[in-house]
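What follows is a single structure, written as structure tokens, with notes after it.
The values are calculated or read from the model by the stated rules, or taken from the named source; none is laboratory data. Because the structure is predicted, anything quoted here is derived from the model rather than measured. We place every Cβ from the backbone using ideal geometry, glycine too, and count neighbours over all the protein chains shown. For accessibility, only protein heavy atoms count, side chains too; no ligands or nucleic acids. Shrake-Rupley method; radii C 1.70, N 1.55, O 1.52, S 1.80 Å.
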Amino acid sequence: MTEIEWNVERIKSSIQDACQAANRLREDVQEIVVTKNRTVDEIQEMYSLGFRHFAENRVEKLLERQAEFPQDDIVWHLIGPLQSRKVKKIIDQIDYFHALDRMSIAEEINKRASKRIPCFIEVNISKEESKHGFEKDQVINTCLQLLDYPMIKLEGLMTMAPLNASSSQIEGYFQELRELKEKLELELDDLESPLSLSMGMSNDYPIAISQGTNYLRIGTAWFTNNKN
């Protein structure tokens, strides 16, 4: 068994346990392989193990990955911030955008996209100055505006916990985002489908599952030796 295979087995078991503990269906949680700083061979092994959802946080790197892996069954996620001048270059190349952090980008996506793009509103739930995203009290109005943009599908909400946060703090942030999502679903009449949550990374994904996440953005944990 390779190191990656060992990590995959461990993480999949952990996800299953977290779903069971939260009384959730395993199929409601989609893990995404974040390929930042990984080699082609490492990504190829993940593909060979059956993974099809892959992500990058930079436009240039995602385009490079697509050239390296032209398979048409891969679902590509852009999970990092997007500059207006790069929207035209990338928007039709991705399947999901997880970091919609300002309306000017939404306007550019709506203008440039030739297909509907599922987008997550990035919410700065922890109010960190270094983080991108909308403030919590801006989200309802943002959703209302996005519902009028025909080339954007309002997929859900995304957040990241602070790197130095404790487990209880992370749980609190993720719970806050889940409650915000539930509030939106009650107050917005024109949603075409229930909203999803994108939260949880290598160090906190079990907590994210307990708080209702649908997408896990896992990178390092797939590839790093955790046997000790």
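Per residue, how many Å² of accessible area does region 1-54 show with a 1.4 Å probe?
55
On a 20 Å Cα-Cα criterion, which of the cross-link pairs Lys12/Lys131; Lys61/Lys181; Lys115/Lys183; Lys36/Lys127; Lys86/Lys111 come out too long?
Flagged as over cut-off: Lys12/Lys131; Lys61/Lys181; Lys115/Lys183; Lys36/Lys127.
Normalise the Cα radius of gyration of the chain by 2.2 N^0.38 Å (N = residues in it) and let me know the number.
Cα-based Rg divided by the globular estimate yields 0.99.
Tally Lys and Arg at +1 and Asp and Glu at -1 over the other residues with C-beta under 14 Å from the C-beta of Arg26: what net charge comes out?
-2
Determine the share of region 133-172's accessible area contributed by carbon and sulfur atoms, expressed in whole percent, with a 1.4 angstrom probe.
50
If I take all pairs of Cα atoms in region 51-107, what percentage of them are more than 16 Å from each other?
36
Quick check: convex hull over the Cα atoms of region 71-159, volume per residue in Å³, rounded to an integer?
Dividing the Cα hull volume of region 71-159 by its residues yields 94 Å³.
So if R0 is 41 Å, what FRET efficiency would Gln175 and Tyr47 give, r being the distance between their Cβ atoms, rounded to the nearest 0.05?
That gives a FRET efficiency of 0.75.
Ranking request for peptides 35-46, 190-201: highest mean number of other beta-carbon atoms within 10 Å first, then the rest in descending order.
190-201, 35-46
Accessible area per residue, 1.4 Å probe, Å², for region 64-105: what's the number?
44
Calculate log10 I(q)/I(0) of region 137-202 for q = 0.18, 0.22 Å⁻¹, where I(q) comes from the Debye formula with a single equal point scatterer on each Cα and nothing for solvent.
-0.70, -0.93
How many nm is it between the label spots at Glu192 and Thr39, if each spot is 7 Å from the Cα in line with the beta carbon?
According to this spin-label approximation, the distance is 4.3 nm.
Of all the accessible heavy-atom surface of region 50-108, with the other protein chains kept in place and a 1.4 Å probe, what percent is carbon and sulfur?
That share works out to 45 percent.
Relative to a virtual label point 7 Å from the Cα of Thr220 in the Cα→beta-carbon direction, which members of region 157-199 show backbone nitrogen distances below 14 Å?
It comes to 161-165, nothing else.
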